[in-house]
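The values are calculated or read from the model by the stated rules, or taken from the named source; none is laboratory data. Note that this is a predicted model, so its numbers are computed, not measured. Using ideal geometry, Cβ is built from the backbone for each residue, glycine included, and neighbour counts are taken over all protein chains shown. Accessible surface areas use protein heavy atoms only, side chains included; no ligands, DNA or RNA. Shrake-Rupley method; radii C 1.70, N 1.55, O 1.52, S 1.80 Å.
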Amino acid sequence: MSDLLTPSQTVGPFLSIGLTWMHGHLVVAEDSPGAIRISGVLRDGNGAPVTDGMVETWQADPDGRFDHPDDPRGASGSGFEGFGRCATDGEGRYEIVTVEPGALGDGQAPHIDVSVFARGLLDRVVTRLYFPDEAEANAADPLLSSLPPERAATLVARPAGEGALRFDIRLQGEGETVFLQI
């Protein structure tokens, strides 16, 4: 048997070399009005922390718009990038500082798209984070309402104190986070 690593075992070491983001985990400055701190732990199928992963987020601005030409309504011109990226630490923890996005206006509840890169994954996996204070919008959201309640619960962050939310991600196994086909 060879001691050489397979491509899926080498994803982690390259995260810090080729996938850094200039603003890192700060989608907005920590002292921005309405800033929230989203933190959690990335876990593998055995429940062990993934210490060499990366969590990436992308979202609309507080008005539910994107400052991007692909926004069907046209780029908002707000300058809001809506993008964050955070490597997990030695305990599998990550943290993103952002603001709650607005609803997109197409029936989807306010949410943040979340991508996970980690060892053993040849491609990212994608999920969503929904907000616990949006119960009515969450109940009407096409994705959340299509899932059994226990599965939908894996997509809703939990309050974690003033201006803070907790969103743990489980890649496989009991309590696995719902991932989307893209």
Report, by residue number, each residue of the range 52-72 that is in a loop (DSSP other than H, G, I, E, B) and touching a helix residue (DSSP H, G or I) at 6+ places or on another chain (Cβ under 8 Å). ASP52, GLY53
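Only one residue in GLY47, GLY40 is surrounded by fewer than 17 Cβ atoms within 10 Å (Cβ to Cβ), touching a residue at least 60 places away in the same chain (Cβ under 8 Å) and within 23 Å of ASP168 (Cα to Cα). Which one?
Only one candidate qualifies: GLY47.
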Being modelled with pLDDT of 95 or more and closer than 16 Å to GLY34 by Cβ narrows it down to one residue among PHE131, PHE80; which is it? PHE131
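Looking at the range 85-112 only, could you name the residues that are in a strand (DSSP E or B) and over 20 Å from ARG43 (Cβ atoms)?
Selection gives VAL97, THR98, HIS111.
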Take the conditions outside any strand (DSSP E or B), within 21 Å of ASP61 (Cβ to Cβ) and open to solvent by 50 Å² or more (accessible area, probe 1.4 Å) and apply them to ASP123. Does it pass? no
Go through the range 110-143 and count every residue that is touching a Lys or Arg at 6+ places or on another chain (Cβ under 7 Å) and of a type in the set (Phe, Trp, Tyr). 1
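Taking the range 129-182, which residues are assigned to a strand (DSSP E or B) and out of contact with any Asp or Glu (no Cβ under 6 Å at 6 or more places or on another chain)?
Within the range 129-182, LEU129, TYR130, VAL156, ARG158, PRO159, ALA164, LEU165, ARG166, ILE169, LEU180 meet the criteria.
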Would you be able to say whether some residue in the range 49-57 is under 18 Å from ALA103 (Cα atoms) and not basic (Lys, Arg)? yes
Filtered residue count, the range 121-151, keeping only those that are charged (D, E, K, R) and under 12 Å from the mean Cα position of the chain (by Cα): 2
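If you go through the range 98-120 one residue at a time, how many are open to solvent by 20 Å² or more (accessible area, probe 1.4 Å) and within 12 Å of the chain's Cα centre (by Cα)?
2
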Do we find a residue being open to solvent by less than 60 Å² (accessible area, probe 1.4 Å) and either more than 27 Å from ASP44 (Cα to Cα) or at pLDDT below 95 (or both) anywhere in the range 162-169? yes
What pairs come up if the first residue lies in the range 51-78 and is open to solvent by 70 Å² or more (accessible area, probe 1.4 Å), the second is among the hydrophobic types (A, V, I, L, M, F, W, C) and in a loop (DSSP other than H, G, I, E, B), and their beta carbons are under 6 Å apart, counting only those six or more places apart or on different chains? PRO62/VAL99; HIS68/ALA75; PRO69/ALA75
Which of the residues that make up the range 84-97 are surrounded by 16 or more Cβ atoms within 10 Å (Cβ to Cβ) and in contact with a Ser or Thr (Cβ under 7 Å, 6 or more places away or on another chain)? GLY84, ALA87, THR88, GLY92, ARG93, TYR94, GLU95, ILE96
From the residues in the range 134-160 that are open to solvent by 50 Å² or more (accessible area, probe 1.4 Å) and touching a strand residue (DSSP E or B) at 6+ places or on another chain (Cβ under 8 Å), which one is farthest from PRO110 (Cα to Cα)? ALA160
